[in-house]
Amino acid sequence: MTILGGFGGRGPGGDAPAKGQGKGGASGSVPYVTERDFEREVLRSELPVLLEFTADWCQPCKAIAPEVEAFAREMEGKVKVLKVDVDKAPVIAQQLRIQSVPTFMVVAEGRIQDAVVGAVRKKKMQELVEPFLPRAAGAIKPVELAQLLPTGQVVPVDTRDAAAFARAHIPGAQNLPLEEIESRLAELHMMQGQPVLYCRSGDKTKELAQKLEEQGVPVAFLEGGLLGWESEGLPIQR
């Protein structure tokens, strides 16, 4: 949900955001951004920015503060997490049409990309920023794989053991145990389409893809593995 294409103008006053005690109010590890530094800190940020619009009097904001701070720590270097006090930055709040707090917004590439109103947990924050995070080399999302399968351009390769494969797998998948892949690379690349490795949760095949990439043998893998595929409601062959 794109709310606004950009931020038109800056208001007066404000100091640079600081750790510990933001200009906007309560103490915490997440800095506050002001009308003076909004353009620099948000619109010109090289990282995606998650903004929380808040206020000192907002009880739901205080309740979710630990979640916001934990998310900021976990995503350090990948996402910039900032707060905006709507009482101390009214121009920003007005121009971005903030009607209640907390409101979360994602800004990437100088544009507001998405927004959600209300208190949210870390999982939802992750979902908001996920589309704007850099992808690992070779990563393919479940929906992308589902779109490619009917074209014959890809072949899902299930790297779990034979018993797990027999119980449930992605339609059209071939079974090639993870521990055998490095010794069977020629076989892997002789498949009719581009092989896309997957395991149960995606972690093991991501690690293998990174290892092979370093050796000059790039290979694709499914983000989230079979669990990610199932979570999207995509078909399973049993």
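The values are calculated or read from the model by the stated rules, or taken from the named source; none is laboratory data. This is a predicted model, so every value here is computed, not measured. Cβ placement follows ideal geometry from the backbone for every residue including glycine, while neighbour counts extend to all protein chains displayed. Ligands, DNA and RNA are stripped out before the accessible areas are found, and what is left, the full protein with its side chains, is counted by its heavy atoms. Shrake-Rupley method; radii C 1.70, N 1.55, O 1.52, S 1.80 Å.
For segment 155-169 and segment 30-49, compute the distance between their C-alpha centroids and round to whole Å.
The distance from the Cα centre of segment 155-169 to that of segment 30-49 comes to 46 Å.
Identify which of ARG135, ARG111, ARG184 has the largest mean-square fluctuation in a Gaussian network model of the chain, with springs joining Cα atoms closer than 10 Å.
It is ARG184.
Could you state the accessible area per residue of the chain in Å², with a 1.4 Å probe and every protein chain left in place? Mind showing how you got there, number by number?
Working: 12340 Å² over 238 residues.
In whole numbers, the chain has 52 Å² accessible per residue.
Which lysines have a Cα lying under 26 Å from the Cα of LYS123, excluding residues fewer than 8 positions away in the same chain?
Those lysines meeting the cut-off are LYS19, LYS62, LYS78, LYS80, LYS83, LYS141, LYS204, LYS206.
Ignoring ligands, DNA and RNA, what percent of the accessible area of the chain is carbon or sulfur (1.4 Å)?
Numbers: 6180 of 12340 Å².
It is 50 percent, rounded to a whole number.
When DSSP beta bridges are limited to those with both residues in the chain, what percentage is antiparallel, rounded to the nearest 5? Spell out each step's value before the answer.
Values: 14 of 32 bridges.
Once the DSSP bridges in the chain are tallied, antiparallel ones form about 45 percent.
Mind checking segment 69-134 for GluC sites (Glu not before Pro) that DSSP puts in a loop (not H, G, I, E or B) and that have at most 16 other Cβ atoms within 10 Å? Kindly include the intermediate steps, with their values, before the conclusion.
Values: sites: GLU69, GLU74, GLU76, GLU109, GLU127; in loops: GLU76, GLU109.
Sites meeting the loop and neighbour criteria: GLU76, GLU109.
Which ³J(HN,Hα) values in Hz, rounded to whole numbers, follow from the phi angles of segment 131-143 under the Karplus curve 6.51 cos²θ - 1.76 cosθ + 1.60, where θ = phi - 60° and Gly and Pro get x?
x, 10, 7, x, 8, 5, 4, x, 6, 10, 7, x, 5
Would you list the membrane-span-like helices of the chain, meaning whole DSSP H runs whose alpha-carbon atoms span at least 15 Å along their axis and whose mean Kyte-Doolittle value is at least -1.0?
Values: long enough: 59-74 (24 Å, -0.28); 203-214 (17 Å, -1.71).
For the chain, where a helix must reach 15 Å along its axis and average at least -1.0, the hits are 59-74.
Near the amide H of GLY202, under 5 Å away, which other amide H atoms are found, from residues 5 or more places off or on another chain, if H is placed in the peptide plane?
Long-range HN contacts for GLY202: GLY225, LEU226.
Given the options VAL106, VAL157, VAL217, which has the most mean-square fluctuation in a GNM of the chain, springs set between C-alpha atoms less than 10 angstrom apart?
Its mean-square fluctuation being the largest, the pick is VAL217.
Using modelled backbone amide H atoms (1.01 Å from N, in-plane), which distant-in-sequence or interchain residues come within less than 5 Å of GLN113's amide H?
Amide H neighbours of GLN113, under 5 Å, 5+ apart: VAL106, VAL107, ALA108.
Give the long-range amide H neighbours of ASP85: residues separated by 5 or more places, or on another chain, with amide H under 5 Å away, using H modelled in the peptide plane at 1.01 Å from N.
VAL33, THR54
What FRET efficiency do you get for LEU227 and GLN94 if R0 is 35 Å and r is their Cβ-Cβ distance, rounded to the nearest 0.05?
Working: r = 43 Å, r/R0 = 1.23.
It comes out at approximately 0.25.
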